[in-house]
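K.L.:
I have a structure here, written as structure tokens, and I will follow up with some questions on it.
The values are calculated or read from the model by the stated rules, or taken from the named source; none is laboratory data. Everything quoted here is computed from the prediction, not taken from an experiment. Because the Cβ atoms are built from the backbone with ideal geometry, glycine has one as well, and the counts that use them run over all protein chains shown.
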Amino acid sequence: MGDRMLQEKQQLQGEILAAKRQLSELRQELCVASTQRDLQKNIRHLSHLPIFDRSLFVERLIQDMSRAQRDKRMVAVLRFSLEPYRQIQDEYGHSMAALLLRTVAERLKLQARAGDTVGHLGENELRLIMPDLDNAQAAADFSARMTDSFAHTPLKFGDREVFVQAYIGIALYPLDGVNADILLQHAEIALCHAKEEGLCSMQYYSVRMSDAAGLTFEDVMQRALECGEFVVHYAPVRDLADGRICAVEALIYWQSPEQGMLSPSQFMPQLEKLGLIVPVGAWLLDTVCRQIALWQNNGLDSLTVSIHLSALQIRQSDFASLFQTVLQRYGLARNAAVLELHVSESLLMQDLDTTAGVLQALKEMGVQIGIVDFGTGHSCLNYLKYLSVDTLKIDPVFIRNLPHSREDAAIIKAIVTLGQGLGLKVVGTGVEVAAQLAWLRDAGCHEAQGDFVGPPILPDAIAEILKCV
């Protein structure tokens with residue numbers, strides 16, 4: 001009897017265990033069903049989120065880069081890699097992993113600005129375009145907000161909560177690339193370095209990260225000088241009285257082996273920041289003076305050529321002496337008036353006494369002096385009485401909205417009146433359409449410059465244009 005009771009007890013225990021297993025399986029099925037219902041509900045809730053695919057994302061990036069080039073702004077591309085994406089995919093399936101991606105995208109949209117663009121790059125990567133930036137700090141601030149949000153606020157999946165860690169790689173237009181594909185590639189390189197740093201890390205792209213370069217920016221610039229990667233293009237300036245090309249502005253371009261042809265705005269600010277503008281500026285001055293001598297030998301001796309001087313160049317104690325040496329080297333000392341040296345209004349205000357002294361020494365050599373970006377300074381106009389200035393160049397920001405902006409029109413008329421009263425030449429810059437050119441002519445501007453007048457071109461093309469006049 002004892003054996004039978006033992007058997008019945010064991011059988012009962014087996015039935016209880018089987019019932020527990022069935023109950024556990026039922027609960028798991030109910031949990032999965034609930035999770036799937038929540039998943040579908042959340043996916044429907046998030047379906048309004050615009051997450052661009054690659055082609056649309058690249059198209060938007062190209063548009064933002066074009067506007068940034070026009071407005072002299074920056075664009076940041078951020079690439080996000082998420083963890084534990086693969087763990088979620090393995091445990092809950094592809095649909096749940098997709099929900100993770102869209103939930104993170106929603107957080108990006110909530111933190112991003114109205115004009116930012118979210119895109120889906122790969123199975124566990126998102127990307128973001130931040131256009132119209134003054135500097136790189138905005139991208140760093142956004143990355144910090146996102147990593148902090150991920151670290152302190154979990155994402156909910158059914159009855160579970162998951163903390164997400166993100167790696168972020170950042171590339172900046174125009175410093176890290178002027179081509180959309182190159183910019184995305186550099187953001188990916190930065191992302192790889194962020195992953196090496198550890199969870200919740202962010203990295204900017206730098207030239208050091210590129211296996212193809214393996215050099216610092218200083219090394220790259222030295223290579224560019226030694227290998228002849230810099231070229232000078234000349235932007236034509238039109239006389240508004242007779243329509244002829246009366247002058248050109250020398251602009252330095254960089255034929256980068258990695259990124260192609262870069263315009264001045266895409267690398268000169270970094271040169272200035274790192275102090276590399278001094279050797280590059282010296283090369284530009286020598287190259288331009290040599291070109292002027294060549295033009296004069298071919299009968300083009302009435303063309304005025306302007307060069308922009310940086311703050312670091314002006315502050316060199318021996319700059320005036322170095323400049324005079326270059327003039328003598330190319331036989332321009334007796335006809336230095338063909339050169340017009342430009343300084344920005346903001347530079348004048350940084351150290352007026354020093355700058356005025358250098359400009360006076362240059363003026364005594366016979367060169368002309370021009371002030372660029374005129375009208376954007378935050379100072380009085382008292383300095384115009386003491387500086388031997390020949391030209392005022394109106395900043396493009398005042399011309400961009402002509403002829404429709406009454407405010408800009410009033411400012412330009414005031415500058416023209418000021419210039420005429422002081423006997424100065426007034427030049428409108430950034431002219432993009434015929435209506436702007438006509439308005440400047442009617443307002444009394446002497447000369448105009450911009451894409452409508454003609455884009456910067458090589459010296460041989462300038463010579464051909466002048467021969468045809």
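K.L.:
What are the residues in the range 299-350 that are among the hydroxyl-bearing types (Ser, Thr, Tyr) and assigned to a helix (DSSP H, G or I), if any?
P.N.:
Matches in the range 299-350: Ser321, Thr325, Ser346.
K.L.:
Can you list the strands (runs of 3 or more DSSP E) found entirely within the range 171-290 that contain at least 3 residues being modelled with pLDDT of 85 or more and assigned by TED's automatic domain parsing to the domain that holds Val453?
P.N.:
Passing ranges, in order: 230-239, 245-256.
K.L.:
Scan the range 336-354 for residues that are surrounded by 14 or more Cβ atoms within 10 Å (Cβ to Cβ) and either more than 29 Å from Asp395 (Cβ to Cβ) or of a type outside the set (Asp, Glu) (or both) and jot them down.
P.N.:
The answer is Ala336, Val338, Leu339, Leu341, His342, Val343, Ser344, Ser346, Leu347, Leu348, Met349, Leu352.
K.L.:
A further question follows. Looking at (1) closer than 28 Å to Tyr234 by Cβ; (2) in a helix (DSSP H, G or I), which is the only condition Ala410 fails?
P.N.:
(1)
K.L.:
Which of the following residues is part of a loop (DSSP other than H, G, I, E, B) and at pLDDT 90 or above: Gly454, Gly377?
P.N.:
Checking each option against the conditions leaves just Gly454.
K.L.:
Right, another one. Cβ contacts < 9 Å: first residue assigned by TED's automatic domain parsing to the domain that holds Leu172, restricted to the range 132-146; second residue of a type in the set (Ser, Thr, Tyr) and surrounded by 15 or more Cβ atoms within 10 Å (Cβ to Cβ), any location; separation 6+ or different chain. Result?
P.N.:
Ala136/Tyr204; Ala139/Tyr204; Ala140/Tyr204
K.L.:
Continuing with the same structure: Against the definition (within 19 Å of the chain's Cα centre (by Cα) and under 22 Å from Ala336 (Cβ atoms)), how does Leu262 come out, yes or no?
P.N.:
Taking the combined requirement at face value, the residue does not satisfy it.
K.L.:
Tell me whether the range 27-49 contains one or more residues that are under 28 Å from the mean Cα position of the chain (by Cα) and modelled with pLDDT of 70 or more.
P.N.:
Looking through the range 27-49, none of the residues is under 28 Å from the mean Cα position of the chain (by Cα) and modelled with pLDDT of 70 or more.
K.L.:
Mind listing just one residue for me: the one in the range 413-447 that is touching a strand residue (DSSP E or B) at 6+ places or on another chain (Cβ under 7 Å) and in a helix (DSSP H, G or I) and, of those, surrounded by the most Cβ atoms within 10 Å (Cβ to Cβ)?
P.N.:
For the range 413-447, the residue satisfying everything is Leu440.
K.L.:
So, of the residues in the range 355-364 that are buried (at least 17 other Cβ atoms within 10 Å of the Cβ) and of a type outside the set (D, E, K, R), which turns out to be modelled with the lowest pLDDT?
P.N.:
Per the stated criteria, the residue is Thr355.
K.L.:
From (1) over 30 Å from Val280 (Cα atoms); (2) at pLDDT 75 or above; (3) assigned to a helix (DSSP H, G or I); (4) small (Gly, Ala, Ser), pick out the condition that doesn't hold for Ala151.
P.N.:
(2)
K.L.:
Can you find a residue that is of a type in the set (Val, Ile, Thr), over 25 Å from Asn179 (Cα atoms) and within 23 Å of the chain's Cα centre (by Cα) anywhere in the range 271-280?
P.N.:
Yes: the range 271-280 contains one or more residues that are of a type in the set (Val, Ile, Thr), over 25 Å from Asn179 (Cα atoms) and within 23 Å of the chain's Cα centre (by Cα).
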